Every structure is written in structure tokens, then in C-alpha cells.
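Everything below concerns the one structure shown next.
The values are calculated or read from the model by the stated rules, or taken from the named source; none is laboratory data. Predicted model, so just to flag it, every value in this text is computed and none were measured. Glycine gets a Cβ as well: all are built from the backbone with ideal geometry, and neighbour counts include every protein chain shown. To get the accessible areas, we keep the full protein, side chains included, count just its heavy atoms, and leave off ligands, DNA and RNA. Shrake-Rupley method; radii C 1.70, N 1.55, O 1.52, S 1.80 Å.
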Amino acid sequence: MTTHLNEDALNEMEESQDGPEELYERMSLVVDRGQEPMRLDKFLVARIENASRNKVQQAIESGRVLINGKQVQSNHKIKPGEEIVVYSDKEVQGEDIVPEEMPLRIEYEDDDILIINKPVGLVVHPASGNPSGTLINGVAYHLLQQNKDLNTDELPRFGLVHRIDKNTSGLMVLAKTGKAASSLAKQFFDHSIHRQYVALVWGDVAEDCGTVVAHIGRHQRFRKIFDAYPDGEYGKEAITHYKVLERMGYVTMVQCELETGRTHQIRVHMKHIGHPLFSDELYGGDRIVKGTVFSKYKQFVDNCFALCPRHALHARTIGFTHPRTRQHIQFESEIPSDMQQLIDKWRNYVKVKNII
């Protein structure tokens with residue numbers, strides 16, 4: 001369920017990773033407050049990476065771009081509050097998805113859903129110019145093996161209703177039927193999906209528990225990252241609940257529960273309150289944020305970075321109402337070895353240095 005835009009462009013058009021837009025093969029955004037009047041085609045070219053004005057105009061003319069549910073012309077002047085919906089021009093399935101054999105850690109499967117424990121470094125969905133090597137390619141192969149009498153172009157439909165960043169590990173749910181996809185999409189839309197993450201963040205988090213409420217949107221200068229907007233003047237509503245699990249002096253292990261599902265939400269929100277994720281190169285966690293000036297400490301932190309060279313975030317728990325049985329089900333996964341070794345290393349450091 002994708003377009004032939006690249007993954008950055010997909011995130012540009014739809015900052016939320018959850019909800020029915022992706023499921024129903026469309027992306028949407030609401031024009032920000034304070035946006036100056038601008039031609040629709042010019043606005044979309046600016047918002048979609050590597051998009052040409054000609055292709056954008058073709059999409060508008062073919063009815064694949066709607067403003068508040070209605071077709072418009074390329075010269076339509078956008079206004080704050082208008083919802084722009086862009087429908088994909090081609091569904092990536094069948095011959096467009098390349099089934100690829102790869103090890104999948106399937107935690108649970110029935111006729112309706114798949115629960116997969118995604119490893120670090122695996123991209124979830126094919127993007128433009130990158131048709132293989134993703135989780136979806138592996139799922140396509142897995143489904144074909146279950147239906148060996150099918151041709152590749154008869155690949156069973158399945159629904160991707162949320163995503164996890166490439167370098168975040170943990171649990172994802174995929175739908176194997178249209179009804180399951182619709183049910184899960186509605187639960188994501190209603191924020192009734194229960195998701196808990198474990199993260200190691202810089203600093204000693206002051207409160208044992210708390211809630212971060214701040215809109216999340218593209219950074220105003222650096223378009224490849226996101227930023228928090230606590231006054232809600234930009235971006236989309238985002239709510240993260242956190243709870244301290246363990247204090248380790250200069251770092252803290254926290255549990256984060258998502259009420260909304262925005263791109264990089266936990267990473268952005270924790271940075272916003274002064275506690276970037278450990279080893280997060282996009283949001284300032286790949287340098288010493290807290291600690292001493294001694295060279296031995298710097299060497300210790302560098303060794304920690306080498307041990308876990310990615311942001312320390314794991315999607316540990318996911319729970320929801322089963323689409324068919326209507327019973328609540330929940331799944332948990334262990335913290336992966338790179339992150340667990342990192343946590344253990346900090347625990348040992350705390351004991352030796354007696355800094356708590």
C-alpha cells in the first residue's frame with residue numbers, strides 16, 4: 001500500500017504513520033495556519049521531494065488530488081485548514097512487490113493478522129528505486145509460500161497499518177484480510193491500540209512519570225527531521241506518556257506509551273523535554289549530553305555508542321482487539337541484544353562509580 005514517491009516524500013505528505021490514509025492508498029495533510037495563499041501544484045512540488053510540476057499537475061488533472069474531498073484545478077489557491085488528499089497512482093502489490101526470502105521473526109499468525117518482531121536495520125516498505133530488501137518483500141514471500149499454487153501477480157493482499165523506523169526494533173501488526181485491515185486501521189485512528197516502547201535516554205529524568213503534549217511537524221529549516229511545537233501552531237497533535245523504569249546516573253531507561261503515532265514521535269518528544277535518545281544521531285543523542293569531562297568517561301561513552309550504534313528504542317508491547325474474535329490480545333518482545341548490552345554496560349558503570 002504505497003505510492004512511487006520515496007519514503008521521505010511519503011513522510012512529508014503524511015506525518016502520521018498510523019490511520020486509514022495509508023491503508024486506503026492515500027496520503028493527506030492539512031494546510032498549516034499562517035500558510036500564505038499558493039497554487040496547489042506549486043505547494044505540492046515544494047512538499048514532495050524530487051516531484052516535478054508536470055507530474056503533480058497530471059495527478060491533479062486525473063482526480064488523484066482532492067481538496068476537502070473535491071476535485072480542483074492546479075491553480076487552486078490553498079488556504080489554511082484545507083485538507084489535501086493525494087491518492088497513489090499505482091498500488092504496489094503483485095508484480096510490483098518483489099517477494100524475497102528472508103528470515104522473519106513471526107511472533108504470532110492466524111488467518112487475519114501477522115505479528116512480526118522487526119530487527120534493527122530493516123526498512124518496512126519498498127520505496128522508489130528500492131523495490132526489495134524490505135520487511136514487506138519478506139512478508140510477500142512468506143504469504144506466497146503459504147499459497148504455492150498462486151502466481152506472483154496473484155499475491156494475497158495484506159495491509160500495513162503502521163510503521164517502525166528502520167533503526168527501531170520491535171513489534172508490528174499486519175493485516176492479512178481487508179476486514180482485518182479496516183478493523184486495525186480504525187483502532188489506530190481511534191488511538192485504542194496499546195503500544196509501549198522502551199528507550200534509553202540521556203539525563204536523569206526529573207519526574208517518575210509524565211506526559212509530553214506537543215504538536216510534531218517537519219523542522220522549519222532542516223526538512224529531513226521533525227520538531228516539537230508545544231503551542232500547536234504547526235504540525236499535528238502528538239501525545240506521549242512516559243514512565244521511568246530505571247535510573248543510571250547520566251542516562252535513564254524509560255517506558256513510553258503512544259497515544260498518537262507521529263513520525264519520530266518518541267525521539268522528538270524526549271528531545272523536546274531535554275532527554276534525547278541515547279545514540280540518536282538525528283536528534284542529538286550521538287554525543288555526550290550528560291556526564292563528566294574526564295577522558296575515561298568519554299572512552300566509556302564511545303564504547304557504548306559502538307555497542308549500540310543506533311537510537312536506543314524498542315517497540316516492546318502491542319495490544320489491540322482481534323478483528324475476528326473481538327477479544328483483546330497483547331504481545332511482548334524482549335529487548336534486543338545490542339540495546340540490552342548497552343543497558344547492562346551502564347548498570348555496571350553506575351555500580352563501579354557509585355554515581356547514584
Q | Residues of segment 290-306 satisfying the condition of being surrounded by fewer than 16 Cβ atoms within 10 Å (Cβ to Cβ) and free of Cβ contacts under 8 Å to residues at least 60 places away in the same chain | A | 292, 293, 294, 295, 296, 297, 298, 299, 302, 303, 306
Q: Please work out if residue 81 is modelled with pLDDT under 85, within 23 Å of residue 30 (Cα to Cα) and either surrounded by fewer than 13 Cβ atoms within 10 Å (Cβ to Cβ) or not acidic (Asp, Glu) (or both).
A: no
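Condition check ((1) of a type in the set (A, V, I, L, M, F, W, C); (2) buried (at least 21 other Cβ atoms within 10 Å of the Cβ)) across all residues:
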| site | (1), (2) |
| --- | --- |
| 168 | no, yes |
| 177 | no, no |
| 196 | no, no |
| 206 | yes, no |
Q: May I ask you to list the residues in segment 220-234 that are touching a residue at least 60 places away in the same chain (Cβ under 8 Å) and open to solvent by 20 Å² or more (accessible area, probe 1.4 Å)?
A: 223, 224, 233, 234
Q) (1) small (Gly, Ala, Ser); (2) modelled with pLDDT of 85 or more; (3) farther than 22 Å from residue 336 by Cα: which one isn't true of residue 138, the others all being true? A) (3)
**Q.** Exclusive hit being under 30 Å from residue 109 (Cβ atoms) and open to solvent by 30 Å² or more (accessible area, probe 1.4 Å), set 287, 324
**A.** 324
Q) Out of segment 221-246, which residues are part of a strand (DSSP E or B) and of a type in the set (Val, Ile, Thr)? A) 239, 240, 244
Q) If you check residue 173 against the conditions, is it within 30 Å of residue 297 (Cβ to Cβ), assigned to a strand (DSSP E or B) and open to solvent by less than 10 Å² (accessible area, probe 1.4 Å)? A) no
Q: Determine whether residue 97 is β-branched (Val, Ile, Thr), open to solvent by less than 40 Å² (accessible area, probe 1.4 Å) and at pLDDT 90 or above.
A: no
Q. Which of the residues spanning segment 234-275 are out of contact with any Phe, Trp or Tyr (no Cβ under 7 Å at 6 or more places or on another chain) and charged (D, E, K, R)?
A. 236, 237, 243, 246, 247, 257, 259, 262
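For every residue, the table says whether it meets (1) on the phi < 0 side of the Ramachandran plot; (2) touching a Gly at 6+ places or on another chain (Cβ under 8 Å); (3) in contact (Cβ under 8 Å) with a residue 24 or more places away in the chain; (4) not in a loop (DSSP other than H, G, I, E, B).
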{"residue": "34", "(1), (2), (3), (4)": "no, no, yes, no"}
{"residue": "41", "(1), (2), (3), (4)": "yes, no, yes, yes"}
{"residue": "57", "(1), (2), (3), (4)": "yes, no, no, yes"}
{"residue": "60", "(1), (2), (3), (4)": "yes, no, no, yes"}
{"residue": "75", "(1), (2), (3), (4)": "yes, no, yes, no"}
